[in-house]
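The values are calculated or read from the model by the stated rules, or taken from the named source; none is laboratory data. Computed from a predicted model, the values in this text were never measured in an experiment. Here the Cβ positions follow ideal geometry from the backbone for every residue, glycine too, while neighbour counts run over all protein chains shown.
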Amino acid sequence: VEDFSRGMVAVSIWNNVCMLSMPGFAVIALFLLGDAEGAGPTLLGWAVFAVLLSVALIALVTGLLRSLRFAQWLGRSGQAIANWCLRLLGKPEVQGWVESAVTLRENTLTVLRAHGVRLTVLTVVNYWITGILLILCLRLVGIDSTELPLALALATYTVGRLSTVIQVTPGGI
């Protein structure tokens, strides 16, 4: 059970990093391939913002995994922000986030040491295969590349996937 739990946490972290970082790269590809008519400076601004956000997210996860002190700081900071919000709402404060961040770090490192390369490759491949299958389905129902160019379709897919990070209903039902 403990190994399964560790694996689920690591896979969840990797999936979220992939889902949050891919839109930046897709928008850059869209800008470079020029598939969005008339969207030059605006699209470039979004692309730069998305890539910077992706880099910040990857740096945050890297910092969490590389440094025990950073994991403790992240837990302390997250707890302080959460408690500030809870005080505004008149709710009781939370405790234990520093220990939870350290445990998360240790559990994730255990899985990554054993399966990190395979986990990373499979996560990215899964992400892009799903996008390619979407494009294939769109082509098969009659939406051709003149109506929806490949780069625009992939960029739209990544933004759509990003929008599913926040669940609309409890538990994603």
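A single member of 124, 111 is modelled with pLDDT under 95, in contact with a Cys (Cβ under 9 Å, 6 or more places away or on another chain) and at negative phi, and it is 124.
The single residue among 55, 94, 51 that is modelled with pLDDT of 90 or more and β-branched (Val, Ile, Thr) turns out to be 94. Sub-7 Å Cβ pairs linking a first residue in the range 27-53 that is within 10 Å of residue 152 (Cβ to Cβ) and surrounded by 14 or more Cβ atoms within 10 Å (Cβ to Cβ) to a second residue that is among the β-branched types (Val, Ile, Thr) and at pLDDT below 70, at least 6 apart or interchain, number zero.
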